[in-house]
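Contents: one structure, followed by commentary.
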Amino acid sequence: MALDVLLGLQWGDEGKGKIVDVLTPKYDIIARFQGGPNAGHTLEFNGIKHVLHTIPSGIFRDNVLNVVGNGVVIDPIIFQKEIDALTKMDVIVNDKLFISKKAHLILPTHRLLDAASEKAKGKEKIGSTLKGIGPTYMDKTGRNGLRVGDILSSNFQEKYEQLKSKHCKMLDFQEFDYDLTEMETEWFKSIEFLRTLNIIDSEHFLNAQMKEGLSILAEGAQGTLLDIDFGTYPFVTSSNTVTAGTATGLGIAPNKIEGVNGIFKAYVTRVGGGPFPTELLDKTGADMQKAGHEFGATTGRPRRCGWLDLPALKYAIMINGVTELSMMKADVLSGFDPIKVCTHYKIGDELYDYFPYDICDEEIEPVYMELKGWKEDLTKLESIDQIPSQLSDYIEFLESELETPITIVSVGPNRNQTLLRN
């Protein structure tokens with residue numbers, strides 16, 4: 001059995017959690033392949049809003065296994081709180097949640113290093129969520145990290161103290177004040193909890209399940225434009241958020257990957273610093289933020305808003321090998337007329353219809369095409385046949401430009417506010 005991938009094509013916050021939840025009944029296993037608790041996947045059903053940070057978004061469906069892959073970094077404290085919250089809602093977790101031994105652990109000192117680094121950057125800070133993600137991935141590539149499997153070894157405490165000592169020297173050098181006592185107490189309690197969960201050799205588990213004919217959906221976090229290699233560097237995350245990250249983040253061979261569902265908003269948002277060519281700093285942007293309730297699921301920070309960016313979206317589709325698209329938050333654009341779409345970047349005297357090497361230090365003027373908007377409330381629609389003609393024209397225009405079918409149109413946060421297209 002092959003594996004499908006679902007990931008974001010913009011700067012994160014596209015609505016991946018909802019679509020994973022909608023598609024989960026088609027799969028036997030949902031597997032997270034990168035990122036950490038800096039992710040915030042929001043799902044809404046039965047009148048309740050749920051936000052997941054590390055646990056795969058298939059956890060709410062019965063008879064579906066959920067795997068946290070080796071490419072993920074885990075904060076035991078946040079992980080336990082997430083499970084506790086699910087348990088209080090009578091969601092069965094232990095029987096269907098599995099954690100890779102090779103996933104790396106976020107230490108209390110990783111979070112301190114993250115805060116110290118952002119403080120030192122001052123106005124040049126990248127907008128980190130301060131969850132310790134970057135320092136954890138740095139230790140991973142520097143071959144210093146602690147992994148989930150280490151908590152099962154007899155010398156785990158010794159390994160912890162060695163890494164902690166290294167971090168404390170770095171913090172002292174940066175003259176950063178801290179108190180580890182309370183943080184460590186809570187962290188080690190969560191480590192004890194982590195030991196009670198299903199800790200597995202995930203690469204063997206997943207490949208064995210595929211051999212038995214089970215289907216897998218790989219769930220990405222953040223978005224393509226935050227990828228460490230292909231995003232708007234240095235304003236990026238610390239992992240590979242693209243399709244290629246599935247292979248390294250789960251231990252599944254690239255030739256096993258079949259379909260790639262790319263998620264994008266009908267407009268664009270971004271949290272934190274970094275370039276944003278189509279950002280709207282006027283009333284239209286403020287209205288878009290209000291209509292879309294654009295505040296980060298993890299940090300609560302307001303999201304910057306702007307018109308859809310085709311050069312960036314085409315780039316993301318190319319990098320990921322996207323086979324189908326899901327367009328989110330079409331309902332938010334109701335009442336905006338005209339609707340603009342950026343078709344090119346103007347840099348100096350040159351026009352670019354593709355995503356160039358550097359958009360951080362260049363002065364970019366977006367070139368827009370205008371399309372007629374719609375005023376209808378889309379949130380009550382039950383079929384794609386009921387959408388206004390202007391939205392149909394918008395979708396068909398995008399399909400033509402992106403050369404990829406849009407198979408899902410979301411018209412609200414609830415799982416039943418999802419319109420399917422052939």
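Every number here is computed from the coordinates shown, using simple stated rules; none is lab data. Since the structure is predicted, the reported quantities are computational estimates derived from the model, not experimental observations. Positions of Cβ are generated from backbone atoms using ideal geometry, with glycine treated the same way; all protein chains shown enter the neighbour counts.
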Inset, instruction - Pull out a ≥ b ≥ c, the square roots of the eigenvalues of the alpha-carbon gyration tensor of the range 184-324, then state rounded if a/c is under 1.5, prolate if not and a/b is larger than b/c, and oblate in the remaining case. - result: oblate
Legend entry - Compactness of the range 261-357 - radius of gyration and Dmax, Cα, Å: 13.9, 40
Legend entry - Charge tally in the Cβ shell below 11 Å around ALA244, where Lys, Arg are +1 and Asp, Glu are -1, ALA244 excluded: -2
Inset, instruction - Please work out the FRET efficiency for the pair ASP287 and SER383, using the Cβ-Cβ distance as r and a Förster radius of 30 Å; give the result to the nearest 0.05. - result: 0.60
Inset, instruction - About the Cα centre of the range 120-200, how large is the charge dipole given +1 on each Lys and Arg Cβ and -1 on each Asp and Glu Cβ? Please answer in debye to the nearest 20. - result: 480 debye
Legend entry - Label point 7 Å beyond Cα of ARG143 along Cβ direction - residues of the range 96-117 with amide nitrogen under 19 Å: 102-105
Inset, instruction - Enumerate the whole-percent occupancy of each 20 Å bin, from 0 to the last occupied one, for all C-alpha pair distances of the chain. - result: 27, 57, 16, 0
Inset, instruction - Could you tell me which of ILE395, THR418, TRP374 has its Cα farthest along the dipole of the range 371-422 towards the positive end, charges placed at Cβ (Lys, Arg +1; Asp, Glu -1), taken about the Cα centre? - result: THR418
Inset, instruction - Sort all Cα-Cα distances of the range 247-308 into consecutive 5 angstrom bins from zero, then give the percent of pairs in each bin up to the one containing the longest distance. - result: 4, 15, 21, 18, 9, 9, 12, 8, 4, 1
Legend entry - Entries in LYS265/LYS314; LYS26/LYS314; LYS102/LYS211; LYS16/LYS283; LYS166/LYS189; LYS16/LYS140 that, when Cα-Cα distance is taken, lie over 18 Å: LYS26/LYS314; LYS102/LYS211; LYS16/LYS283; LYS166/LYS189; LYS16/LYS140
Inset, instruction - Positive end of the charge dipole of the range 92-228 (Lys, Arg +1 and Asp, Glu -1 on Cβ, about the Cα centre): tell me which of LEU112, SER165, ILE216 has its Cα farthest that way. - result: ILE216
Legend entry - Proximal charge balance of SER400 [Cβ under 13 Å; K/R count +1, D/E count -1]: -4
Inset, instruction - Please report how far the C-alpha centroid of the range 279-294 lies from that of the range 311-326, rounded to the nearest whole angstrom. - result: 25 Å
Legend entry - Rounded to 5, percent antiparallel among DSSP beta bridges of the chain: 40 percent
Inset, instruction - May I ask for the distance between the Cα centers of the range 65-95 and the range 233-258, given as a whole number of Å? - result: 22 Å
Legend entry - chymotrypsin sites (Phe, Trp or Tyr not before Pro) within the range 274-380: DSSP coil, no more than 14 neighbouring Cβ in 10 Å: TYR354, TYR357
Legend entry - C-alpha center-to-center spacing [the range 353-406, the range 144-219] in angstrom: 42 Å
Legend entry - GNM flexibility winner over the chain from ASN320, ASN94, ASN70 (Cα, springs under 10 Å): ASN94
Legend entry - Lys, Arg +1 and Asp, Glu -1 on Cβ, resulting dipole of the chain about Cα centre, debye, nearest 20: 1000 debye
Legend entry - q = 0.15, 0.16, 0.18 Å⁻¹, the range 283-422: log10 I(q)/I(0) [Debye, one scatterer per Cα]: -0.86, -0.98, -1.22
Inset, instruction - Quick one: work out the % antiparallel among DSSP beta bridges in the range 259-392, nearest 5. - result: 70 percent
Legend entry - Given charges at beta-carbon only (K, R positive; D, E negative), |dipole| of the range 328-414 in Debye: 500 debye
Inset, instruction - Quickly estimate the mean residue ellipticity at 222 nm for the chain, helices only: each DSSP H run with n ≥ 4 gives -39500 (n - 2.57), and the total goes over all residues, rounded to 500. - result: -9000 deg cm²/dmol
Inset, instruction - Would you please calculate the Kirkwood hydrodynamic radius of the range 148-267 over all C-alpha pairs and express it in Å, rounded to one decimal? - result: 18.3 Å
Inset, instruction - Net charge near ASN63: determine it from the other residues with C-beta under 14 Å of the C-beta of ASN63, scoring Lys and Arg +1 and Asp and Glu -1. - result: 0
